[in-house]
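The values are calculated or read from the model by the stated rules, or taken from the named source; none is laboratory data. Keep in mind it's a predicted model, so treat the numbers as computed, not measured. All Cβ positions, even for glycine, are placed from backbone atoms using ideal geometry, and neighbour counts span all protein chains on display. Keep in mind that these areas ignore ligands, DNA and RNA; they rest on the heavy atoms of the full protein, side chains included. Shrake-Rupley method; radii C 1.70, N 1.55, O 1.52, S 1.80 Å.
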Amino acid sequence: MHFKTIIEPFRIKAVEPIRFTTREQRAAALIAADYNLFKLRAEDVLLDLLTDSGTGAMSAQQWAGMMQGDESYAGARSFFKFEAAVRKVTGLRHIIPTHQGRAAERILFSTACTAGQIVPNNTHFDTTRANLEALGVRAVDLRCPEATQPSLVAPFKGNIDLAALDRCLTEHAGRVPFAMITVTNNSGGGQPVALANIREASALCKKHGVPLILDCCRFAENAWFIKQREPGQSHRTPADIAREMFSYADGCTMSAKKDGLVNMGGFLALNDDALAAKCRNNLILTEGFPTYGGLAGYDLEALAVGLKEVLDEHYLEYRVRSVAYLGDKLTAAGVPIVQPPGGHAIYIDARAMLPHVPQSEFPAWALSCALYVEGGVRSVEIGSVMFGRQPDGTEKPAAMELVRLAFPRRVYTQSHVDYLAEVLLYVHSQRDRIRGVKLVEAPPLLRHFTAKLAPAHDELLTS
Ligand code: F0G
């Protein structure tokens, strides 16, 4: 086709109204929420880009599939459909359903790890890190050198640092239960990991006798980037590329709330028979019988369909392009973002945008509050509130101070993105008025979800 506009590859059959608020209402809502966007009522948000997790729209096929859910406690037909769909994508032997990604993490980690061990990853996401640290395991991030330079354009900034991985596995021989790679690298800007990087990491792990586990929440977006960017991959289907990615792994943890295109669900998949048997027993303790793992039969049906739809090339092209469309507008206007745009989100580099706010006053958190007040946009901080507190209770600034604008799948249209760009450009023009914030009260683990904050000075935005 000679037309170049990439359109949403769907029509809209059901709509959900969004509620409009005034700036005054939002300023009041922010105070009532202790300056923590997690504590807002979703109804007070106009464009909700807090997360791409579980917030997508399901297809007519998925809703139809749900009517066929088999709710038998054990051996339900829906489980076998789900199992076949996951096996087709991953090729892995044992497929264990869980209610979401962190349940898969908790089950694997509490079964396979003991205190004092070390787990390397390109970058652990918050729940992954917290689930390891809760067991006394050290979570180590081995980002490639390009990963921490937000403005640098490179094709695979999600790569794990192979030399550092080799060193880690040598230095801590016998203390690494497995290594992980997160695709795409969520905390590092939604950046993809190259097929070659996964292959080489896998070879290193084999050399050291350590299994490799993929945190594969966004495997389809990662496969699409490989198709677009990695030499020799452009002729392949995303499904074929994904299958090769998984072939280098001994297992995976999956939050199907992302690339499973469902509102709830996840799984753990493993090749090791003995480990899988132990994990299943652990699953029964808290999640449920191994053929439902905390999910309803209808959830398993929707997930089986979602895993197929997510690998559709028209869907992936639209998905990645709609994020890049916002990225292009921001870049053209000089708004500093992590380059190039990621698969599921745009990440604003708050340190570059607010050089007058010290890292100790959480510039990314302050910026996300300002975006809400000015435009009703909810984003999430990926910075020192999320990652600054160390297991020993000390504070260490995060590698980057980012505001993530995550796109729910198949939910917003191009005019929503145009509005979003307008809000971002306006806030950028007012950036000198934004002041820092301080923590008032916070729990020791995963504090960003519930912490209370307040302006570090008189107000968030000076007049
Ligand atoms: N791993 C990664 C890379 C993730 O991004 C997430 C969730 C999880 C694991 C945990 O999955 O939420 O189903 O338990 N990320 C969401 C986000 C919450 O907003 O990025 P879960």
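A few comments on the model shown:
- Subset of the stretch 178-209 (residues that are surrounded by fewer than 20 Cβ atoms within 10 Å (Cβ to Cβ) and part of a loop (DSSP other than H, G, I, E, B)): GLY209
- Selection of first residues in the stretch 327-352 that are without any contact (Cβ under 8 Å) to a residue 24 or more places away in the chain and of second residues that are in a strand (DSSP E or B), restricted to Cβ pairs under 7 Å at least 6 apart or on distinct chains, gives the following pairs, ordered by first then second residue: GLY327/ILE337; GLY327/ILE346; THR331/ILE337.
- THR291 vs. criteria outside any loop (DSSP other than H, G, I, E, B), in contact with a helix residue (DSSP H, G or I) (Cβ under 9 Å, 6 or more places away or on another chain) and either of a type in the set (D, E, K, R) or in contact (Cβ under 8 Å) with a residue 12 or more places away in the chain (or both): no
- Whichever residue in the stretch 102-120 is in contact with a helix residue (DSSP H, G or I) (Cβ under 7 Å, 6 or more places away or on another chain) and within 14 Å of the ligand (Cβ to nearest atom) and, among such residues, is most open to solvent (accessible area, probe 1.4 Å): ARG102
- Single residue of ALA352, ALA366, ALA421 found to be open to solvent by 50 Å² or more (accessible area, probe 1.4 Å) and part of a helix (DSSP H, G or I): ALA352
- Which listed residue, of LYS278, LYS308, is of a type in the set (Lys, Arg), closer than 23 Å to LYS88 by Cα and surrounded by fewer than 18 Cβ atoms within 10 Å (Cβ to Cβ): LYS308
- The one condition in (1) in contact with an Asp or Glu (Cβ under 6 Å, 6 or more places away or on another chain); (2) more than 23 Å from ALA398 (Cα to Cα); (3) within 16 Å of the ligand (Cβ to nearest atom) that THR128 fails to fulfil: (2)
- One residue stands out among those in the stretch 258-275 that are over 17 Å from MET180 (Cβ atoms) and surrounded by fewer than 24 Cβ atoms within 10 Å (Cβ to Cβ): the one that is nearest to the ligand (Cβ to nearest atom), which is MET264.
- The stretch 104-121 residues that are at pLDDT below 95, paired with ones that are within 12 Å of the ligand (Cβ to nearest atom) (beta carbon under 8 Å, 6 or more apart): none
- Among the residues of this structure, LEU402 does not count as one that is of a type in the set (A, V, I, L, M, F, W, C), over 21 Å from the mean Cα position of the chain (by Cα), outside the structural domain of PRO192 (by TED's automatic domain parsing) and surrounded by 15 or more Cβ atoms within 10 Å (Cβ to Cβ).
- Complete set of residues in the stretch 210-241 that are hydrophobic (A, V, I, L, M, F, W, C), assigned to a helix (DSSP H, G or I) and within 16 Å of the ligand (Cβ to nearest atom): PHE219, ALA220, ALA223, PHE225
- Annotation note: of ASP70, ASP48, the sole residue that is open to solvent by less than 90 Å² (accessible area, probe 1.4 Å) and in contact with a strand residue (DSSP E or B) (Cβ under 9 Å, 6 or more places away or on another chain) is ASP48.
Each row is one residue, and each column tells you yes or no for (1) farther than 21 Å from ALA223 by Cβ; (2) away from the ligand (no atom under 16 Å from the Cβ); (3) part of a loop (DSSP other than H, G, I, E, B); (4) touching a Phe, Trp or Tyr at 6+ places or on another chain (Cβ under 9 Å).
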residue	(1), (2), (3), (4)
ALA64	yes, yes, no, no
GLY69	yes, yes, yes, yes
VAL86	no, no, no, yes
PRO97	yes, no, no, yes
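- Of everything in the stretch 144-164 that is surrounded by fewer than 22 Cβ atoms within 10 Å (Cβ to Cβ) and among the charged types (D, E, K, R), the residue that is modelled with the lowest pLDDT is GLU146.
- Residues in the stretch 266-288 that are within 19 Å of ASP299 (Cβ to Cβ) and either out of contact with any strand residue (DSSP E or B) (no Cβ under 7 Å at 6 or more places or on another chain) or outside any loop (DSSP other than H, G, I, E, B) (or both): GLY266, PHE267, LEU268, ALA269, ARG280, LEU283, ILE284, THR286, GLY288.
- Checked against the criterion of being surrounded by fewer than 19 Cβ atoms within 10 Å (Cβ to Cβ), of a type in the set (Lys, Arg) and without any contact (Cβ under 8 Å) to a residue 60 or more places away in the chain, the candidates ARG11, ARG23 yield just one match: ARG11.
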